[in-house]
1. Give a residue-ordered list of calculated ³J(HN,Hα) values for the range 16-29 (Karplus: 6.51 cos²θ - 1.76 cosθ + 1.60, θ = phi - 60°; whole Hz; x for Gly, Pro).
2. Taking N as the number of residues in the chain, what value does Rg over Cα atoms divided by 2.2 N^0.38 Å take?
3. Go through the range 1-45 and name the trypsin sites (Lys or Arg not before Pro) that are in a DSSP coil and have 11 or fewer other Cβ atoms within 10 Å of their Cβ.
4. Contour minus end-to-end for Glu389 and Asp324, with contour as 0.36 nm per residue of separation and end-to-end as the Cα-Cα distance?
5. At 0.36 nm per residue, and after removing the present C-alpha to C-alpha distance, how many nm does the segment from Glu267 to Leu52 gain when stretched out fully?
6. Grab the Cα-Cα distance for Gln236 and Ser69, subtract it from 0.36 nm times how many residues apart they are, and report the gain in nm with one decimal.
7. At 7 Å along the Cα-to-beta-carbon direction for both Glu246 and Leu471, put a label point, then send me their distance in nm to one decimal.
8. Could you go through the range 284-293 in sequence order and give the Karplus-derived ³J(HN,Hα) for each residue, using 6.51 cos²θ - 1.76 cosθ + 1.60 with θ = phi - 60°, rounded to whole Hz, and x for Gly and Pro?
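Read the figures in this text as sums done on the coordinates, not as results from a lab. Since this is a predicted model, take the numbers as computed values, not measurements. Quick reminder, even Gly has a Cβ in these numbers, built from the backbone with ideal geometry, and neighbours come from all protein chains shown.
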Amino acid sequence: MIDLSELTIKGACEDLKKKKFSARELTQASLDVINEKDTDIHAFLEVFDDALDQADEADKRIASGEFASRRMPLLGIPIAIKDNMLVEGKRATAGSKILEGFVAPYDATAIRKLKDAGAIILGRTNMDEFAMGSSTENSAYGVTKNPHDPSRVPGGSSGGSAAAVGANFVLGSYGSDTGGSIRQPAAFSGIVGFKPTYGKVSRSGLIALASSLDQIGPFAKTVSDVEVLYDAVRGQDPLDSTTISENTYPQGKKFSKTIGIPRSFVESEGVDGSVKKNFEEVIKKFLSLGYNIADIELPHLKYSLATYYIIMPAEASSNLARFDGVKYGFHKDGKDSIDDYFKTRRMGFGQEARRRIILGTYVLSSGYYDEYYGSALKMKKLITEELKETFGKIDLIMTPTTPTPAFKIGEKTSNPLSMYLADIFTVPANIAGLPAISLPSGFDGNLPLGVQLMAGLGREGNLFIAGKEFLEE
Ligand code: GLN
């Protein structure tokens with residue numbers, strides 16, 4: 001019996017190479033725990049029926065002398081993916097009824113790269129509808145539970161992918177992060193979650209929420225595994241003109257292990273005592289590891305959430321305009337084609353998606369454009385410049401990942417504003433395009449807590465160095 005809770009991706013690659021077990025056995029181990037436990041957690045929307053066939057393919061390669069290497073870094077490793085990443089021939093719904101029955105006609109670039117890397121695409125995981133949410137309660141296909149406490153949320157929107165790793169169903173998974181959707185559920189599920197610099201991973205074949213903010217990124221139990229998963233999918237892509245090359249951002253100054261703490265931001269209203277206490281312990285640990293800790297002032301950071309909640313719905317309202325009941329998935333007949341459109345969208349989109357479409361359309365409408373969208377863009381520029389200047393002096397910025405540990409299912413569903421506050425620490429990285437990682441940093445009772453490190457553009461390497469030292473890898 002393979003115990004997935006004792007295994008990492010790096011370890012499994014070694015074991016596959018040493019023939020301690022086969023890719024089929026490793027995949028079967030995942031299928032067995034999913035079968036046994038996912039009825040409670042509901043991390044997966046679908047486990048693909050060809051998973052074992054993919055494993056057999058990997059075993060053939062292994063038998064012919066191939067093993068996890070630079071060329072095929074994930075050979076034989078089962079991976080879960082968020083339901084907004086297209087896998088050719090498989091369903092993809094982005095957690096929405098409006099995409100019910102939609103079958104992807106091609107592979108997302110990240111999926112193609114995963115297949116090339118030898119990974120087994122095990123199945124698709126639950127998510128908030130179109131990645132809108134912080135709890136995975138906004139899915140049209142049911143709620144996902146926190147693997148540490150089933151009465152609580154796993155975070156969101158990539159809650160299924162986070163829970164799948166947190167519950168030891170798989171060793172690694174992918175999500176997408178527009179405002180925190182990888183880092184926040186990673187913190188709630190007690191694992192590592194990483195959002196790359198904007199443009200490092202192709203968005204081709206990722207169902208868009210807000211195109212200027214979205215990035216695909218990995219979840220795993222260790223920073224080393226996250227690095228492997230990130231390396232497998234990154235790279236410039238002709239299918240996504242916003243992707244960047246390795247040289248876009250010069251490596252610049254040497255890593256001097258200086259961490260800046262935006263004190264007044266960390267002490268924002270609504271941050272739990274347990275989170276603050278844990279954060280102080282994290283600071284002590286970094287000091288003991290030889291890091292320099294400096295207080296920094298980032299006076300515009302407090303406007304990040306407001307800025308995000310204008311830019312994101314504006315882009316979402318435009319991206320979601322394509323779901324018209326004609327081209328994809330769900331369709332509802334009305335009395336004429338305009339009525340078809342209204343009925344399809346009214347019934348196909350959930351409440352949160354409709355709220356954001358209305359908000360987005362409003363902030364983009366003539367008369368309000370300058371006041372809302374225009375102001376948000378100006379603020380985005382100020383926040384970005386402020387962060388850029390700060391990264392000239394320090395290497396990393398540290399905050400808690402979330403203001404509270406995982407909250408109860410249903411606790412915030414009737415109050416969208418309180419739900420939005422769950423992203424207070426994570427949205428600045430998306431606004432400025434910066435790489436950021438969430439590391440498990442301790443517990444409040446049985447509930448995991450996370451700490452977030454942010455780095456300058458293209459400096460993900462520094463996050464991996466600090467992350468590995470912190471987790472003693
Ligand atoms: N929770 C945030 C939101 O609701 C972030 C979502 C995301 O990163 N996809 O928009």
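1. These are the phi-based 3J(HN,Hα) values: 5, 5, 7, 6, 5, 8, 9, 4, 4, 5, 5, 5, 4, 4 Hz.
2. Details: Rg = 21.2 Å, N = 473, 2.2 N^0.38 = 22.8 Å.
Compared with the compact-globule rule of thumb, the chain sits at 0.93.
3. On the way: sites: Lys10, Lys17, Lys18, Lys19, Lys20, Arg24, Lys37; in loops: Lys18, Lys19, Lys20.
Passing sites in the range 1-45 are Lys18, Lys19.
4. Details: separation 65, 0.36 × 65 = 23.40 nm, distance 4.37 nm.
Full extension from Glu389 to Asp324 adds 19.0 nm.
5. Working: separation 215, 0.36 × 215 = 77.40 nm, distance 4.91 nm.
Taking Glu267 through Leu52 to full extension adds about 72.5 nm, to one decimal.
6. On the way: separation 167, 0.36 × 167 = 60.12 nm, distance 2.10 nm.
Net length gain for the segment: 58.0 nm.
7. Roughly 2.4 nm, to one decimal.
8. 4, 4, 5, 4, 5, 8, x, 7, 9, 10
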